[in-house]
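Participant: So that we are looking at the same thing, I have put the structure below in structure tokens.
The values are calculated or read from the model by the stated rules, or taken from the named source; none is laboratory data. A quick note: this is a predicted structure, and the numbers were derived from the prediction, not measured. Backbone-built Cβ (ideal geometry, glycine too); neighbour counts: all protein chains shown. Remember, those area values only see protein heavy atoms, side chains included, never the ligands or the DNA or RNA. Shrake-Rupley method; radii C 1.70, N 1.55, O 1.52, S 1.80 Å.
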Amino acid sequence: MPSHLETVILNPSSDMVNLIKSVPSPDVCINNSPVEQIAREKIQSISNQKWESDQENAFFVGDLGEVFRQHLRWKALLPRIEPFFAVKCNPDPMVIKLLASLGLGFDCASKAEIQQVLNSGVEPNRIIYANPCKQASFIRYAAQQNVSRMTFDNSEELHKIKKLYPDAELVLRILTDDSNSLCQLGLKFGAPLENVENLLKTAKELELNVIGVSFHVGSGCLDESAFGDAVMRARKVFDQAEQIGFHFTLLDVGGGFPGNDVKDGITFEKVAAILGPMVDSLFPPEIRVIAEPGRYYVASAFTICANVIGRRTIAPKAEGEKQQFMYYINDGMYGSFNCILFDHQIVHPKVLVKDENFVYGQQLQEEHFECSVWGPTCDSIDCLNKSTQLPILEAGDWLYYENMGAYTICAASQFNGFRKSQVYYTNTFN
């Protein structure tokens, strides 16, 4: 018998299904084929147009159906907590369009992100300007657009907001224990609990409207108990605020939620099992609770396919050792694989095409060799895999990397003149 979670994901309401089907844009082709088929058709079209300029460029396959399944999973396991998608994680226009259609809010960190979300038809009250240190002109823009909800963590920011947007709805970002996270955001943001009282008193003196508390346990959190500890800290701040004369109505539990690619260790199910009950036990139903998931929604929804543009053979150094290989592909650290540097991501190459045979998802029964995989630029930092096992490949073969939707496209550059990889969309939700 399927679990409650499986039932929700496999049998969503007809309204939800109609939403996902209505997302395709007349300006964008969205297929309804498996990721494997989209990759196959794209590569076949390349081989049929052999002399087309740049025809073997790397490309993404973005599965909007996977994003939708993640939304259903969120609604099933954390029904009280409203997701505000962290745009910085993946500002892909079709992802934003889909999530906007599903009624999500959005966590924006800049004027450009706010503009993108507003241009997608999202109402200002579905945005939180969740950057505790904001450029003055961006605050003015938020005021002009009625994006009133924004975070702060220091007194200087309060004085800035008083001058530029005194009617803003402010959310105090507090410091949490993010020592077990890959990206420790507490190094940059978050008010220590010992500073909270003075900050709230300053806000009261400035007659500013502080409405709640936010926190972030760090991106790539590896300890689900960090969420529970942070909620308890937030409860203390709610109580402090009440004594000073504020009546908080909002709790923002931030991000750090693992995506569907995480099957072992800290999973979303484990986080939800701690976070949901803790919020319910410490905060009454009238308190609105939101979150800022990013990778959770998109990490598993994007696969990148890259062409092998070169191979270098490393001769054995001693008798009995096997030869090794260096492979070069046409996307790298300065492009879609910046997640390795900025997000501490470990990526795993798989063979997509070998000797003109499409082998997606297959375990190749042939000898594998120690090798490294490199991006296309002239910089030696552009190494994607220092040590991995692959069969002997030739220039013109293809590799693919799954789970490439988080912090990849968003920070890709065109260093050395290499272009950003194009996205081809599909929707595997039936």
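Participant: What number of residues within segment 79-97 are within 15 Å of the chain's Cα centre (by Cα) and either of a type in the set (D, E, K, R) or under 25 Å from GLN422 (Cβ atoms) (or both)?
Facilitator: Residues flagged as within 15 Å of the chain's Cα centre (by Cα) and either of a type in the set (D, E, K, R) or under 25 Å from GLN422 (Cβ atoms) (or both) within segment 79-97 amount to 12.
Participant: Of everything in segment 115-138, what is buried (at least 18 other Cβ atoms within 10 Å of the Cβ) and out of contact with any Phe, Trp or Tyr (no Cβ under 7 Å at 6 or more places or on another chain)? Give them in sequence order.
Facilitator: Answer for segment 115-138, where residues must be buried (at least 18 other Cβ atoms within 10 Å of the Cβ) and out of contact with any Phe, Trp or Tyr (no Cβ under 7 Å at 6 or more places or on another chain): LEU118, TYR129, ALA130, ASN131, LYS134, PHE138.
Participant: Among the residues of segment 42-52, are any at pLDDT below 85, on the phi > 0 side of the Ramachandran plot and among the charged types (D, E, K, R)? Break it down into steps so the answer makes sense when it comes.
Facilitator: To start, the set of residues in segment 42-52 that are at pLDDT below 85 comprises 46-52.
Narrowing further to those that are on the phi > 0 side of the Ramachandran plot: none.
For segment 42-52, residues at pLDDT below 85, on the phi > 0 side of the Ramachandran plot and among the charged types (D, E, K, R): absent.
Participant: OK, next. Select from segment 194-220 the residues that are in a strand (DSSP E or B) and under 22 Å from the mean Cα position of the chain (by Cα) and list them in ascending order. Quick ask: steps written out before the conclusion?
Facilitator: Taking segment 194-220 first, the residues in a strand (DSSP E or B) are 209-214, 219-220.
Once the filter is applied, which keeps residues that are in a strand (DSSP E or B) and under 22 Å from the mean Cα position of the chain (by Cα), segment 194-220 yields SER214, SER219, GLY220.
Participant: Could I ask something else about it? Scan segment 329-351 and give yes if some residue there is farther than 23 Å from ILE46 by Cβ, of a type in the set (Lys, Arg) and assigned by the TED database to the domain that holds GLU41, otherwise no.
Facilitator: no
Participant: Taking the criterion of being of a type outside the set (Ser, Thr, Tyr), under 25 Å from GLY65 (Cα atoms), in contact with a Cys (Cβ under 7 Å, 6 or more places away or on another chain) and at pLDDT 95 or above, would at least one residue in segment 336-345 satisfy it?
Facilitator: There is no residue in segment 336-345 that is of a type outside the set (Ser, Thr, Tyr), under 25 Å from GLY65 (Cα atoms), in contact with a Cys (Cβ under 7 Å, 6 or more places away or on another chain) and at pLDDT 95 or above.
Participant: Restricting the search to segment 324-354, which residues are open to solvent by 40 Å² or more (accessible area, probe 1.4 Å) and of a type in the set (A, V, I, L, M, F, W, C)?
Facilitator: Hits for segment 324-354 are LEU341, PHE342, ILE346.
Participant: Here's a follow-up. For segment 238-315, give me every one of the strands (runs of 3 or more DSSP E) that falls completely inside it and has 3 or more residues that are under 30 Å from GLN55 (Cβ atoms) and either touching a Phe, Trp or Tyr at 6+ places or on another chain (Cβ under 6 Å) or outside the structural domain of VAL35 (by the TED database) (or both).
Facilitator: On the way: elements: 250-252, 288-291, 302-314.
Output list reads 302-314.
Participant: Might you check whether a residue that is within 22 Å of VAL289 (Cα to Cα), open to solvent by less than 30 Å² (accessible area, probe 1.4 Å), touching a residue at least 60 places away in the same chain (Cβ under 8 Å) and not β-branched (Val, Ile, Thr) occurs anywhere in segment 152-160?
Facilitator: Checking segment 152-160: not a single residue is within 22 Å of VAL289 (Cα to Cα), open to solvent by less than 30 Å² (accessible area, probe 1.4 Å), touching a residue at least 60 places away in the same chain (Cβ under 8 Å) and not β-branched (Val, Ile, Thr).
Matching residues to (1) in a helix (DSSP H, G or I); (2) in contact (Cβ under 8 Å) with a residue 12 or more places away in the chain; (3) buried (at least 22 other Cβ atoms within 10 Å of the Cβ):
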| residue | (1), (2), (3) |
| --- | --- |
| ARG80 | no, yes, no |
| VAL95 | yes, yes, yes |
| ALA100 | yes, yes, no |
| PHE106 | no, yes, yes |
| ARG140 | yes, yes, no |
| ASN146 | no, yes, no |
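Participant: Another question, then. Looking at (1) out of contact with any helix residue (DSSP H, G or I) (no Cβ under 8 Å at 6 or more places or on another chain); (2) of a type in the set (A, V, I, L, M, F, W, C); (3) modelled with pLDDT of 80 or more; (4) assigned to a loop (DSSP other than H, G, I, E, B), can you tell me which one ALA226 breaks?
Facilitator: (4)
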